[in-house]
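Written out below as C-alpha cells is the structure these notes cover.
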Amino acid sequence: MTDQLMSQYATAETRSIHTTSDARGRLKRRYRSEANFKALGVAALATAILFLVVLLSSIVWKGIPAFVYNFASLPLDVAGVDRTDLAKANYDGIVKAAIRAQFPELTSRGDTRLVASLMSSGAPTVLRDQVQDDPAGLDRAGAYSLPISDFADLYLKGQISSSTTSTIAATATVRVDGDKVTLTFPAGALATVLAADAVPANAATPPRQLLATDLSLLVYVGDVVVKADGLTTTTVSGAAILGDATKLPASVNAVRLRSLVVPEASRKFSDKEIVWTDALVERGYVRTGFNWIFATKGASREAEMAGILGAVIGSALTLIVTLALAFPVGVAAAIYLEEFAPRNRWTTFIEVNINNLAAVPSIVFGLLGLAVFLNFFGFERSAPYVGGFVLALMTLPTIIIASRVALRSVPPSIREGALGIGASRLQAVFHHVLPLAMPGILTGAIIGMARALGETAPLLMIGMVAFVVDLPNGFASAATVLPVQIYMWADFPEPAFEQRTSAGILVLLVFLVAMNLTAIILRRRFERRW
C-alpha cells in the first residue's frame, strides 16, 4: 500500500506544471529578462554619469583659465605726477607712454596706437587705484601690475594660434632697403620650410606673395623680427616689425623661422601684436598670477575687467531676503495645515493650490513681481529685496510641502505621549513634534533656496539684468545675480567672455554644493532616532 502511494506521489510530482520543460523555459526567460533589465539600468546609469563627467569637464576646462591672468609690470615715467593730488594724474598717458617706450623703433601712428592696445583699457583705472593705495610704489620699479588686453592674455594662454618653429643653420646674406629685409640662403636650405608651408619648391622669382589668408611666416634674425611677405626657393623677404633692421650684419649664420597655424585674416590678434607680446614676455615684464580682478570686481564691457563679486553679493543679498520671508511663513503655514487646520473643503482647496503653485513656471512669478512690486507698489527696479520677494513667492510652496512631509513623518506616539502627560496641543507641536521634524524642514528649505539661486527668468522680469558696475552695498542698491550675470556674459561676442561664462558657472556650482552640504550637516546635527 505504501509503495503504491509513493509511486502515485512520484508520478504526480513529475507531472507538476512547475517541473515541465515549458516551465523551466519560462523560468530561464524570466531570469534573462531580469538580467537584461539590470544591464539596461546599469547602462543608463553609466550613460548619465558619462554625460555628467563630460559636461563638468568641459566647464572646468574652459573656466579654470579665467581664474589666472597675465599682468604687465612696466617701468613707469611718474616724474610729472603731482604727489599731493594723485587722483588728477594722467594715468592713461602714463600707461601708453610706458608700453610705447619698450618699442622706440615704432614711429608710425598706426603702430604706436596698436602697441598701446596691448594694455587693457582698464589699466589706467587699475594703476590709479594701486597708486592711491600705495603711493610709495611710484619710487619702486615694477611696483604696479597692470592687466594686458584680453586678446594678448588669450594668446599667452595658447588660445589664439599655435605655431611651429624651425631653425636654418645655413649662412644667409642680408640686404636691407628701408624697412624691407631680404635674406638669401644657399640652394635647398628652404626646401623643408617651403614644403611645410605648402609653397611649391620650384617657386620662381619674383617672389610668391604671401597673403593674409596664408600661414603667417615670421623670421627671427638676432633681435629683429621680419614678417615674411614673399618667398622663393632661396630668398625670404618682408618688413621688420620688431627691432632696428639697419643694424643687421651683412650675413647671419642661423635664422629661426616661425609659422603661425591660424592665418592672420582668421584672428583678431595681428602678427605684430604677437611679436610685441612675446618681446614683453622675454624682457620679463609679464607675469601670470591669480586673476584678482575677476574675484573682486563687478560687471564690465571689457572682458579683462569683468568680475564676479558683484553678482555673488547680489545673489547673497537676494537669498537672505528670500530665506527671511519664505522660511518662517512656509513653516508656519505647514504647521497650521498639518496640525491645527480642520479637514474640510477649504483646506483641501488650499492644499491643492499649494501643490499647483509648486509646478507653476518661474516666469509667472516674475510677471507677478513686475505687476505687483514694481508697477503697483513702485519698488526699485534691480533691487535685491525685490528679487527676494519674487523668489520667496516661488520658493514658498516648496517649503510648505517639504515641511508638511517632515511633520507627517513624526510618529503619532510622540504627539500622544506629549498630550498624555498634560501638554497642550500647541506645546506638543512646538516642544516635541517640530524639533523632530526640523531636519526634514531644513533640508526642504535649503533645496528650495538652491532652486531659487539658479533662477534667471523671474529676475529678468524685475530688471536684475541691468548692467551694474559698482558692487552692491545694500538691499536697495542696484544689483544682479549669478545666473543673470552668466546669461549676460554668454551673450557677449568676445572670446574672452567664454572663459568668464564657464568660470561663473563654476562659482554657481560651488554655491549649490555648499548649500547642499549645509543641508546634510544640519540634517545630521538635528536628526534624532526613535
Out of (1) modelled with pLDDT of 90 or more; (2) open to solvent by 60 Å² or more (accessible area, probe 1.4 Å); (3) outside any loop (DSSP other than H, G, I, E, B), the one GLY93 does not meet is (2)
When (1) within 30 Å of ARG415 (Cα to Cα); (2) within 30 Å of the chain's Cα centre (by Cα) are applied to THR322, the one that fails is (1)
If I ask for residues that are modelled with pLDDT of 85 or more and closer than 24 Å to ASP244 by Cα, which ones from segment 137-166 would you list?
ALA152, THR165
Right, LEU407: touching an Asp or Glu at 6+ places or on another chain (Cβ under 6 Å) and either open to solvent by 20 Å² or more (accessible area, probe 1.4 Å) or not acidic (Asp, Glu) (or both) or not?
yes
Run down GLY417, GLY387 and say which single residue is buried (at least 17 other Cβ atoms within 10 Å of the Cβ) and part of a helix (DSSP H, G or I).
GLY387
Within segment 29-38, can one find any residue that is assigned to a loop (DSSP other than H, G, I, E, B), farther than 28 Å from LYS297 by Cβ, at pLDDT below 90 and open to solvent by 70 Å² or more (accessible area, probe 1.4 Å)?
no
Residues satisfying the stated conditions in segment 300-320, i.e. open to solvent by 30 Å² or more (accessible area, probe 1.4 Å) and of a type in the set (Asp, Glu):
GLU302
Evaluate the following for LEU508: is it open to solvent by 40 Å² or more (accessible area, probe 1.4 Å) and touching a residue at least 24 places away in the same chain (Cβ under 8 Å)?
no
Tally up the residues in segment 420-435 that are in contact (Cβ under 8 Å) with a residue 24 or more places away in the chain and buried (at least 16 other Cβ atoms within 10 Å of the Cβ), please.
3
In the list ALA89, ALA101, ALA97, which residue meets the criterion of being closer than 29 Å to ASP153 by Cα, without any contact (Cβ under 8 Å) to a residue 60 or more places away in the chain and touching a Lys or Arg at 6+ places or on another chain (Cβ under 8 Å)?
ALA89
If you take the residues in segment 420-447 that are among the polar types (S, T, N, Q) and in a helix (DSSP H, G or I), which one is farthest from LEU325 (Cα to Cα)?
GLN427
In segment 329-359, which residue that is without any contact (Cβ under 8 Å) to a residue 24 or more places away in the chain and not in a helix (DSSP H, G or I) is farthest from HIS431 (Cα to Cα)?
ALA359
Within segment 106-153, considering residues that are out of contact with any Asp or Glu (no Cβ under 8 Å at 6 or more places or on another chain) and within 21 Å of PHE497 (Cα to Cα), the one surrounded by the fewest Cβ atoms within 10 Å (Cβ to Cβ):
THR125
For segment 488-499, pairs from a residue that is farther than 15 Å from GLU304 by Cβ to a residue that is open to solvent by less than 70 Å² (accessible area, probe 1.4 Å) and assigned to a loop (DSSP other than H, G, I, E, B), with Cβ under 8 Å and 6 or more apart or across chains, are MET488/ALA299; MET488/VAL465; MET488/THR480
For segment 186-234, enumerate the residues that are modelled with pLDDT under 85, open to solvent by 10 Å² or more (accessible area, probe 1.4 Å), not in a loop (DSSP other than H, G, I, E, B) and not charged (D, E, K, R).
ALA191, THR192, VAL193, ALA195, ALA196, GLN209
If you scan segment 260-283, which residues turn out to be outside any helix (DSSP H, G or I) and open to solvent by 60 Å² or more (accessible area, probe 1.4 Å)?
VAL261, LYS268, ARG283
Among (1) within 23 Å of LEU215 (Cβ to Cβ); (2) crowded, with 19+ Cβ neighbours inside 10 Å; (3) in contact (Cβ under 8 Å) with a residue 40 or more places away in the chain, where does ILE241 come up short?
(3)
Could you please let me know if LYS297 is crowded, with 17+ Cβ neighbours inside 10 Å, of a type in the set (Lys, Arg) and within 27 Å of VAL386 (Cα to Cα)?
yes
Inspect all residues belonging to segment 132-146 and state whether any of them is without any contact (Cβ under 8 Å) to a residue 24 or more places away in the chain, out of contact with any Leu (no Cβ under 7 Å at 6 or more places or on another chain) and in a loop (DSSP other than H, G, I, E, B).
yes
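The values are calculated or read from the model by the stated rules, or taken from the named source; none is laboratory data. Computed from a predicted structure; not experimentally measured. Every residue, glycine as well, gets a Cβ built from its backbone with ideal geometry; the counts of neighbours run over all protein chains shown. Calculation scope for accessible area: heavy atoms of the full protein, side chains included, ligands and nucleic acids excluded. Shrake-Rupley method; radii C 1.70, N 1.55, O 1.52, S 1.80 Å.
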